[in-house]
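Trainee: Quick one: the structure is below, and I'll ask about it shortly.
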Amino acid sequence: MKAKITMEVTIMSIKWDEFFITGDPLILGSQIAIVLTMIGAVAGITYLKKWKYLWTEWLTTVDHKKIGMMYIISAVLMFFRGGMDGLLMKAQTAQPEMGFLDSQHYNEIFTTHGVIMILFMAMPFLIGLMNVVIPLQIGARDVAFPQLNALSFWLFFSGAMLFNISFVIGGSPDAGWTSYFPLAGKEFSPGIGNNFYAVALQIAGIGTLMTGINFIVTILKMRTKGMTLMKMPMFTWTTFVTSILIVAAFPIFTVALALMTFDRLYGTHFFTVSGGGMDMLWANLFWLWGHPEVYIVALPAFGIFSEVISTFSRKSLFGYKSMVFSILGIALLSMVVWVHHFYTMGSGPAVNSFFSITTMAIAIPTGVKMFNWLFTMRKGRIKISSAMLWALAFVPCFVIGGVTGVMLAMGAADYQYHNTLFLVAHFHYVLIPGVVFAVFAGLYYWWPKMFGFMLNEKIGKWHFWLFVIGFNVTFMPMFFLGLNGAVRRAYTYSAESGFAPLFMLSAIGSIILAAGFAVFCYNIYWSIRYADRNISSDPWDARTLEWSTASPVQFYNFAKLQEVKSLDPFWHMKKKNEGLTLYDSEIEEIHMPSNSWLPIYMGVIFGIAGFLLVFEWHIAAALAAIGIFAGLIIRSFDYNEGFHVKKDEIHRIENAWRKTEGEVHDHVS
Amino acid sequence: MIMSAKVDTSLPLEYQTEQDRMNILGFWVFLGAEIVLFATLFGVYGVLYERFAGGPTHKDIFVIKDVMIQTVLLLTSSFTMGIAIFEMRRHNLKGLIIWLVITLALGAGFLFMEINEFIHYAHEGATMQTSAFLSSLFVLLGTHGAHVTLGIGWATMVIIQLLKRGLTPTTARKTFIIGLYWHFLDVVWIFIFTFVYLKGLVA
Ligand code: HEM
Ligand SMILES: [Cu+2]
């Protein structure tokens with residue numbers, strides 16, 4: 001009987017007039033902007049006759065470098081979207097009782113902001129850098145499964161687009177990025193916004209899981225001769241451990257989201273209040289994935305800082321072994337701390353104590369890493385480039401995030417901090433220095449490798465100072481607001497609360513922060529137009545193998561696979577002048593994988609099926625799912641063996657860049 | 001794919017090229033993810049399995065005889081899958097295909113029983129929507145059943161390729177991987193049999 005009622009509600013709640021969100025100027029503006037942008041893009045590509053180029057060089061590519069760049073471009077766009085959300089929230093709370101956003105809008109915006117920043121900005125940005133760099137660092141020609149890699153990207157992209165479209169079609173999810181039950185259930189969130197959450201994250205999550213598998217195998221099996229595990233560059237190590245964490249944690253999220261979908265679409269009782277369901281089960285499953293997820297984005301970032309600090313201090317990384325062990329320690333601990341997200345929800349003192357201790361223990365390996373970075377710089381010949389600046393700013397900012405983290409880790413004290421802006425300030429102090437600074441550092445550092453020219457260092461410094469100052473001015477006041485009792489996820493506050501000055505300060509900070517981001521975009525534009533194209537393939541005088549080949553990297557990465565004898569192999573090759581020249585006799589044909597239309601096809605069909613499922617049009621969704629199976633079957637019968645690059649071609653390509661070396665402009669003095 | 005040029009003929013067919021070795025390792029890692037997935041589903045079931053919400057309990061719906069038949073069918077199919085791979089190692093294509101077909105027939109028998117079981121439950125008034133216990137039961141069993149279904153479809157594709165191409169390193173690798181998958185599903189079933197059915201009947 002009960003089941004029947006739920007079914008009826010389900011069918012009734014989807015009406016055509018709910019399809020497009022109407023009557024809101026902000027959203028109407030976006031709808032018009034989206035349509036215009038799409039028309040503009042299609043017209044522009046047609047006018048420039050670039051469709052074929054786009055299709056053969058990008059959309060069907062299986063080249064890890066291009067896939068990486070597509071990840072990074074998407075991530076920058078998502079950063080823009082998530083950042084706009086952040087600014088809107090800051091504008092709304094700039095003064096007490098503002099009427100800019102109503103509570104419903106505020107709910108939707110912090111939800112999409114959180115999801116987009118973590119899953120569609122931080123993850124793809126880092127995965128993009130991993131894609132570009134890891135095969136090069138280990139001296140390989142691609143990842144283990146190039147086509148699967150493309151599929152990962154297209155599934156992520158499809159999930160991201162599906163999630164973003166909720167803004168103009170159907171309505172955004174509004175139950176927070178954590179989407180706790182019972183709020184996120186059908187009973188309290190009858191619209192389809194939260195269906196978008198369940199389905200879009202599922203699609204993107206499958207892509208991420210495949211990335212994890214791909215990189216584990218790549219790093220285990222494709223390292224060049226002589227590169228033992230303990231000779232791997234630190235970014236490779238962190239990527240490896242991150243991939244293990246992905247494989248260990250993402251299936252939990254897959255299940256949690258599937259159960260959420262069942263609860264919302266098919267009336268089951270996993271997390272509902274009625275029917276024996278258990279809302280805390282969601283919270284546990286979510287954070288069983290969610291906390292490792294935080295380290296999935298933090299560890300690669302640590303890897304990037306390690307590379308940057310070592311290169312610009314002209315020294316090997318200090319305490320390499322202890323770095324490796326602390327990564328492993330952090331990864332293990334990250335699986336046993338999840339309850340610290342809900343100390344106040346009745347777990348009891350014994351459980352809380354246990355999780356307090358495990359949480360605080362994470363500070364130990366993290367502290368080891370901090371000291372290792374500092375000791376790497378000690379007595380180094382430090383060169384303050386833009387990339388290095390981000391790494392330098394990371395250290396103190398992240399320490400603030402870490403120390404407040406230890407404060408929050410204390411179960412008893414958390415009763416005071418829980419659900420306040422203190423927490424919001426804490427995790428922004430972890431995520432922004434830990435991830436955003438890192439991807440900026442990585443981008444400035446590897447940009448010349450990707451594109452063959454550098455980002456402008458002077459504009460880069462403007463970007464840096466505006467962003468870092470803006471960040472601190474935005475989030476530092478939130479610690480104090482939180483301690484004074486300002487709760488998170490509240491769309492406004494009264495004038496009597498006395499919060500107004502700090503909120504205003506924080507809003508001003510966010511404008512500076514946004515200016516920093518704008519300068520970053522301008523830097524990309526400026527550098528594409530004007531930067532010096534005639535630069536060395538090793539502009540930073542760097543240490544690892546990616547710098548031993550051309551910039552931009554030729555599609556087969558290395559003409560000859562290198563042999564490695566130590567850490568920082570390229571540094572030693574340069575010092576001993578060994579293995580830098582390529583002899584004609586060493587050139588052999590190279591086998592490479594072919595492009596494929598299947599990954600993008602799968603992305604599109606998953607997107608369509610997902611969209612129909614979100615709207616609970618089950619028959620249409622099932623029909624679309626046939627397309628998914630068709631794709632799998634086609635893949636099973638696909639015996640494309642790839643192609644061989646002829647010696648002549650390798651000869652020509654290698655000559656082109658090796659000859660000019662020495663005449664180019666060097667950037668490190 | 002990238003290094004398929006190098007073939008080491010001293011190894012079993014499916015391990016001869018580097019790409020095939022990577023595919024097999026990748027599949028092991030994927031099975032690791034599958035273990036986490038099923039472990040989570042077992043965990044959910046473990047939390048919800050006594051929340052009947054006034055609906056039917058384990059004892060009201062489980063039919064031990066049918067479950068025993070399902071178990072025998074699936075365990076036997078794992079055994080025949082083992083023989084199939086053994087025939088593959090002996091380069092006996094015909095034997096391989098025959099044993100694969102037997103395996104899939106047993107798998108289909110298992111599925112048939114499972115669907116009947118679900119219909120029986122529904123007749124008893126036990127559906128996914130009845131209680132948390134039943135939601136978690138159906139999703140756990142259904143996920144396993146969906147895996148078996150997928151495995152049958154996938155193995156059918158591989159059999160077609162074996163018929164078309166014979167035993168090559170690639171087809172051997174594909175067969176070997178589907179073998180791993182099949183044994184994995186069997187292991188999951190043993191856990192389901194123990195922690196769902198036996199425990200439910202003893203409780
Ligand atoms: C770039 C500038 C950013 C600004 C101005 C900003 C601002 C905000 C604000 C105002 C909130 C909501 C506070 C409230 O509860 O009322 C918030 C929440 C959040 N932010 Fe950010 N943020 C920024 C960047 C980021 C980044 C880079 C990440 C992650 C990588 C991130 C992740 C989150 C998450 C997860 C939430 C919680 C959402 C929720 O409550 O469900 N933010 N942010
Ligand atoms: Cu946590």
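The values are calculated or read from the model by the stated rules, or taken from the named source; none is laboratory data. These numbers come from a predicted model, not from an experiment. Counting neighbours? That spans all protein chains shown, and the Cβs are built from the backbone with ideal geometry, glycine included. To get the accessible areas, we keep the full protein, side chains included, count just its heavy atoms, and leave off ligands, DNA and RNA. Shrake-Rupley method; radii C 1.70, N 1.55, O 1.52, S 1.80 Å.
Trainee: So how strong a dipole does the stretch B:61-203 carry about its Cα centre when Lys and Arg Cβ are +1 and Asp and Glu Cβ are -1, to the nearest 20 debye?
Mentor: Working: 9 positive and 6 negative charges, 155 e Å.
Approximately 740 debye in magnitude.
Trainee: Using the per-residue mean of other Cβ atoms lying within 10 Å as a proxy for protection, in what order, highest first, do the peptides A:188-201, A:336-349, A:236-249, A:213-226 fall?
Mentor: Values: A:188-201: 23.0, A:336-349: 17.6, A:236-249: 24.9, A:213-226: 21.2.
Ranking, from highest mean packing down: A:236-249, A:188-201, A:213-226, A:336-349.
Trainee: Follow-up. Please report the projected area of the stretch B:7-59's Cα convex hull averaged over all directions, in nm². Write down the numbers at each step before the final one.
Mentor: On the way: hull surface 23.2 nm².
Dividing the Cα hull surface by four gives the mean projection, 5.8 nm².
Trainee: May I have the extent of the alpha carbons of the stretch A:453-521 along their three principal axes, as whole Å values ordered from largest to smallest?
Mentor: In descending order, the Cα extents are 53, 18, 18 Å.
Trainee: Report Rg(Cα)/(2.2 N^0.38 Å) for the stretch A:519-669, keeping two decimals. Mind dumping the intermediate values first?
Mentor: Values: Rg = 22.9 Å, N = 151, 2.2 N^0.38 = 14.8 Å.
Dividing the Cα radius of gyration by 2.2 N^0.38 Å gives 1.55.
Trainee: Just to be sure I follow: if Rg is taken over the C-alpha atoms of the stretch B:61-203 and Rh is the Kirkwood radius over the same atoms, what is Rg/Rh?
Mentor: We get a ratio of 1.05 for the stretch B:61-203.
Trainee: So what is log10(I(q)/I(0)) for the stretch B:45-113 at q = 0.26 1/Å, when the Debye sum runs over its Cα atoms only?
Mentor: -1.02
Trainee: I'd like the mean, over residues of A:264-270, of how many other protein chain beta carbons sit within 10 Å of each residue's own Cβ. Numbers along the way, then the final one.
Mentor: Details: counts 0, 0, 6, 5, 11, 13, 7.
For peptide A:264-270, the averaged partner shielding equals 6.
Trainee: How would you order A:379-390, A:435-446, A:635-646 from highest to lowest mean count of nearby Cβ atoms within 10 Å?
Mentor: On the way: A:379-390: 18.8, A:435-446: 26.2, A:635-646: 13.1.
Ranked by mean Cβ neighbours within 10 Å, highest first: A:435-446, A:379-390, A:635-646.
Trainee: What average number of partner chain Cβ atoms lie no more than 10 Å from the Cβ of the residues making up A:592-600? Please list the in-between numbers first.
Mentor: Numbers: counts 2, 3, 1, 0, 0, 0, 0, 0, 0.
The per-residue average across the peptide is 1.
Trainee: If you take every residue apart from residue A:648 with its C-beta less than 12 Å away from the C-beta of residue A:648, what net charge results, scoring Lys and Arg +1 and Asp and Glu -1? Before the final figure, lay out the partial values.
Mentor: Details: positive: A:646, A:647, A:652; negative: A:584, A:589, A:649, A:654.
Neighbourhood net charge equals -1.
Trainee: Listed highest first by mean packing, meaning other Cβ atoms within 10 Å per residue, what order do A:35-48, A:454-467, A:298-311, A:564-577 come in?
Mentor: Details: A:35-48: 10.2, A:454-467: 19.6, A:298-311: 27.4, A:564-577: 17.1.
Ranked by mean Cβ neighbours within 10 Å, highest first: A:298-311, A:454-467, A:564-577, A:35-48.
Trainee: To continue, here is another question. For n ≥ 4 DSSP H runs only, could you compute -39500 (n - 2.57) per run for chain A, divide by its residues and tell me the 222 nm figure to the nearest 500? It would help to have the intermediate numbers written out before the result.
Mentor: Details: 22 runs with 424 residues, N = 669.
Mean residue ellipticity, 222 nm, calculated: -21500 deg cm²/dmol.
Trainee: Going toward the positive end of the dipole of the stretch A:250-382, with +1 on Lys and Arg Cβ and -1 on Asp and Glu Cβ, which of A:349, A:317, A:261 do you reach last?
Mentor: Towards the positive end, the residue furthest out is A:317.
Trainee: Given a 1.4 angstrom probe, I'd like the percentage of the accessible area of the protein assembly as shown that is carbon and sulfur, rounded to a whole number. Could you put the intermediate results ahead of the total?
Mentor: Values: 24420 of 34630 Å².
So the carbon and sulfur contribution to the accessible surface is 71 percent.
Trainee: A follow-up question, please. Which one, B:74, B:102, B:202, is farthest towards the positive end of the dipole of the stretch B:61-203 when Lys and Arg carry +1 and Asp and Glu -1 on their Cβ?
Mentor: After comparing all options, I get B:102.
Trainee: If you don't mind, another one. Once you have the Kirkwood Rh of the stretch A:299-418 from its Cα pairs, apply Stokes-Einstein at 4 °C and 1.567 mPa s and quote D in µm²/s.
Mentor: Numbers: Rh = 15.6 Å.
Rounded to a whole number, D works out at 83 µm²/s.
Trainee: Okay, moving on. Rg (Å, one decimal) plus Dmax (Å, integer) for the alpha carbons of the stretch A:268-352?
Mentor: Cα only, the stretch A:268-352: 18.9, 63 Å (Rg, Dmax).
Trainee: Rg/Rh for the stretch A:597-639 to two decimals, with Rh computed the Kirkwood way over all alpha-carbon pairs. Provide the component values of the computation, followed by the final result.
Mentor: Numbers: Rg = 11.0 Å, Rh = 10.5 Å.
Radius of gyration over Kirkwood radius for the stretch A:597-639 works out to 1.05.
Trainee: A follow-up question, please. Kindly flag which residue pairs out of A:66/A:90; A:225/A:379; A:383/A:574; A:52/A:659; A:50/A:574 have an alpha-carbon separation exceeding 29 Å in this structure. Present the calculation step by step, with values, prior to reporting the outcome.
Mentor: On the way: A:66/A:90 36 Å; A:225/A:379 32 Å; A:383/A:574 19 Å; A:52/A:659 32 Å; A:50/A:574 41 Å.
Listed pairs above 29 Å: A:66/A:90; A:225/A:379; A:52/A:659; A:50/A:574.
Trainee: Summarise the long-distance tail of P(r) for the stretch A:405-514 by giving the % of C-alpha pairs beyond 20 Å. Show your work: numbers first, answer last.
Mentor: Working: 3013 of 5995 pairs.
The proportion of pairs with Cα distances above 20 Å equals 50 percent.
Trainee: Could you tell me which residue out of A:230, A:630, B:112 lies farthest along the dipole of the protein assembly as shown toward its positive end? Charges go on the beta carbon: Lys and Arg +1, Asp and Glu -1, centred on the Cα centre.
Mentor: Towards the positive end, the residue furthest out is A:230.
Trainee: Compute the separation of the alpha-carbon centres of the stretch A:22-57 and the stretch A:425-472 and state it in Å as a whole number.
Mentor: Comparing the Cα centres of the stretch A:22-57 and the stretch A:425-472, I get a distance of 29 Å.
Trainee: Compare A:369, A:186, A:560, A:647 by solvent-accessible area with a 1.4 Å probe and give them largest first, with all protein chains kept in place.
Mentor: A:647, A:560, A:186, A:369
Trainee: Where the centre of each part is set by its Cα atoms, how far does the stretch A:147-190 sit from the stretch A:235-282, in angstrom?
Mentor: If we compute the Cα centre of each part, the gap is 14 Å.
Trainee: Count the DSSP beta bridges whose two residues both fall in the protein assembly as shown, then state the antiparallel fraction as a percent rounded to the nearest 5. Show your work: numbers first, answer last.
Mentor: On the way: 6 of 8 bridges.
Of all bridge pairs located within the protein assembly as shown, approximately 75 percent are antiparallel.
Trainee: A further question on this structure: Among the aspartates and glutamates, which fall within straight-line cross-link reach of residue B:59, defined as a Cα-Cα distance under 20 Å, with same-chain neighbours fewer than 8 residues apart omitted?
Mentor: Partners found: B:50, B:114, B:117, B:124.
Trainee: Could you give me D for the protein assembly as shown, from Stokes-Einstein at 10 °C and 1.306 mPa s, where the hydrodynamic radius is the Kirkwood radius over C-alpha pairs? Units µm² s⁻¹, please.
Mentor: Numbers: Rh = 28.9 Å.
Stokes-Einstein gives a translational diffusion coefficient of 55 µm²/s.
Trainee: Moving on. Show that you can apply the helix-only estimate: for chain B, add -39,500 (n - 2.57) for every DSSP H stretch of four or more residues, divide by all residues, and state [θ] at 222 nm to the nearest 500. Please report the intermediate quantities before stating the final value.
Mentor: On the way: 7 runs with 154 residues, N = 203.
-26500 deg cm²/dmol, from helical runs alone.
Trainee: Once you charge only the Cβ atoms, +1 for Lys and Arg and -1 for Asp and Glu, what is the size of the charge dipole of chain A about its Cα centre, to the nearest 20 debye? Could you put the intermediate results ahead of the total?
Mentor: Working: 44 positive and 40 negative charges, 343 e Å.
With Lys and Arg at +1 and Asp and Glu at -1, about 1640 debye.
Trainee: State, in angstrom, two size descriptors of the stretch A:98-141 derived from its alpha carbons: Rg to one decimal place and Dmax to the nearest whole number.
Mentor: Rg and Dmax of the stretch A:98-141, Cα atoms, are 17.8, 57 Å.
Trainee: Over all residues in A:241-249, what is the mean tally of Cβ atoms on other chains that come within 10 Å of each residue's Cβ?
Mentor: On the way: counts 0, 0, 1, 2, 0, 1, 6, 4, 2.
If you average over the peptide's residues, the count of other-chain Cβ atoms is 2.
Trainee: Any idea how far the Cα center of the stretch B:23-100 sits from the one of the stretch A:478-529, in Å?
Mentor: Taking the Cα centre of each part, the stretch B:23-100 and the stretch A:478-529 sit 53 Å apart.
Trainee: Below 23 Å, Cα to Cα, which lysines can residue B:174 reach? Residues fewer than 8 away in the same chain don't count.
Mentor: A:221, B:6, B:94, B:164
Trainee: Go through the stretch B:115-132 residue by residue and turn each phi into a ³J(HN,Hα) via Karplus (6.51, -1.76, 1.60, θ = phi - 60°); whole Hz please, and just put x for glycine and proline.
Mentor: 5, 4, 4, 4, 5, 4, 4, 4, 5, 6, x, 10, 10, 3, 8, 6, 7, 4
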